[in-house]
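As structure tokens, the structure follows; a few thoughts come after it.
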Amino acid sequence: MIQDMIFGTVGGLGLFLFGMGLMSDGLKKVAGQRLKNILESMTRRPMVAFLVGAGVTALVQSSSATTVMIIGFVNAALLTLKQAICVIIGTNVGTTATAWMVSISGIGALKITTYALPAIGIGFAMQTLGKTRGVKSLGQILLGFGILFVGIGFMKDGFQPLEESQRTKDIFIALGSRPVLAILAGMIVTTLIQSSSAAVAIVQLLAMNRAFGDDWQAVLNISIPFVLGSNIGTTITAQLASIQANRNAKRAACAHTIFNLAGSVIAYPFIKVGLFGLLVAFVSPWRLGPGTIAANIAIAHTVFNVANSVIFLPLAGLLEKVAMRLVPTKATDLAGEPVVLEQHLLDTPVLALKQAEREIIRMAGTAKQGLEAAMDGIVNDDRRKLELTRQIEDMLDRSQYEITSYLSTLSRRQLSDEVSIELPVLLHAVNDLERVGDHAVNIVEIAERKLAQKLAFSDSALGEVGQLRSEAEQMFDRVISALEKSDVSEGQAALVHENNLNRMQMDFRRSHVQRMTDGICAPEAGLIFIDLVDNVEKIGDHLTNIAQAVIGGLQWDGVELKIPGIDHRNVAKQGQ
């Protein structure tokens, strides 16, 4: 029994996290602007977001399923933290539908794991046989979804003996008269079996079978603390889902825990003195008895979650701030998705262009962060820095898409000559910054070769890497300053660094070849070093393009861009 519990938990947790990662990655690939806009429109208003959470949870009969999906959406930057909090509040109300089904039909909830295996099969087929990227990405989402719930199924099966154990029933009965301990018991059982619905159903069935006695008001009072504990315990699913997610997703999981815990704290005094049970008995249309006790427990579950939502839905902004305080931003965290690209400013092109410029400056800072992380990773063999670089590259790809889409939409407005000239140059700058991210990832791949072959740079090579890095970072600072201030002198200073990088590339290549000849460096390490130097020099080339744009007053003569949505004829005329 113990072995099955351990194996089921460890294996199930591994599948759960693996499926969560697959689903989140698939969402990033397939979502695009359309799904993002749909989600934003559905969840822009707190009440609508709340109803979406309640409705979806009632349909799938699993708050765990809904919260996992919400964590995935936040991780994929498809929902803001505040939107996610409002949806999660709604899931607490939606999950009460299961308790109503138990009370009405006397049977357990439909198992979402029933559909996990077909989802895995269909998802694998779509990912393997799909002809388009969209079909493959949808298949990845289905595959991840199925694996995720197979993992939950293994965890539940591992703890199945707890649901059937007489000792478990005896513990419930013994703790029922002590509300604090009953809340803790409900929390622990829900955490173990990964389902608040199952935990509440156990309490309902125990009550129906007279396990708590025949004084039905007392039975109701004993049952309610277990229900509150199950609401706290169910938040462990979101916490598990956020383990490998980004910081905003961790905040959403944290807000879920705060919300449920705070609601239980508020309700506890009323439960302790028996007022909550009396309220439930008062609002219930059924007289307490063996045939209606399950329905009254369902009412208690619903009353608690609705009241909790009424209190905290208007305070979603406060929950967001508390979550951000408890899960603070670190120096190594990535910037979020573009936040200053206001759609309503598109009708004022000059202001919209300024917004885009501000976002490009922020993107440049993120690109510099990627270079720094990549250089730290290859010099110090730091795998965390290498992974951070890949995350930054994903962020740069998303920023490129957001800014390019915004400027492409702007290009279809009636534009002044000044805006028409500057707009395509900004698009070029965005592409150059995205290419910087690509070269940073190239450095990551070089570092991974270095790690795999257990190679090391000589002291002289490390000294040259340090010089190269310093020069590139100074150039980055110059370019960012030039963009912020439209400062031609800073742009010209950046070109000096580019000349230095070109000279270093030639000098360091020669010196490293000499080191290999002298036997100071292994040939394999020498090739890795040369690849590193070449990629840093190419980063300098892309920064040079941006510096030259600033020097030219953000205009180039005779440039023709091949970008969807842009009037290429107007762009080609900009230098005339």
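A few points about this structure:
- The residues PHE73, PHE270, when put in order of fewest to most other Cβ atoms within 10 Å, stand as PHE270, PHE73.
- Region 465-504 versus region 393-416: alpha-carbon centroid distance in Å: 26 Å
- Placing +1 on the Cβ of every Lys and Arg and -1 on the Cβ of every Asp and Glu, with nothing else charged, gives region 343-575 a dipole about its Cα centre of roughly 220 debye.
- Neighbour-count order for TYR115, TYR406, fewest beta carbons within 10 angstrom listed first: TYR115, TYR406
- Put in order of Cβ neighbour count within 10 Å, fewest first, the listed residues SER284, SER411 become SER284, SER411.
- Part-to-part distance (alpha-carbon centres) for region 258-331 and region 123-139, which is given in Å: 42 Å
- With a Förster radius of 35 Å applied to the C-beta separation of GLU445 and GLU484, the computed FRET efficiency comes to 0.65.
- For region 217-312: rounded, prolate or oblate by the Cα gyration tensor [a/c cutoff 1.5]: prolate
- Among the trypsin sites (Lys or Arg not before Pro) in region 218-314, those placed in a DSSP loop whose Cβ has at most 14 other Cβ atoms within 10 Å are ARG287.
- Cα shape, region 343-575, gyration tensor, a/c 1.5 rule: prolate
- Length released on extending from LEU181 to ARG412, taking residue separation times 0.36 nm less the Cα-Cα span: 76.7 nm
- Net charge in the neighbourhood of GLU320 (other residues with Cβ under 9 Å of its Cβ; Lys, Arg +1, Asp, Glu -1) is +3.
Values quoted throughout were computed directly from the atomic coordinates according to the rules given, and no laboratory measurement underlies them. Since we're looking at a predicted model, the values are computed, not measured. When we count neighbours, we look across all protein chains shown, and the Cβ atoms used for this are built from the backbone with ideal geometry, even at glycine.
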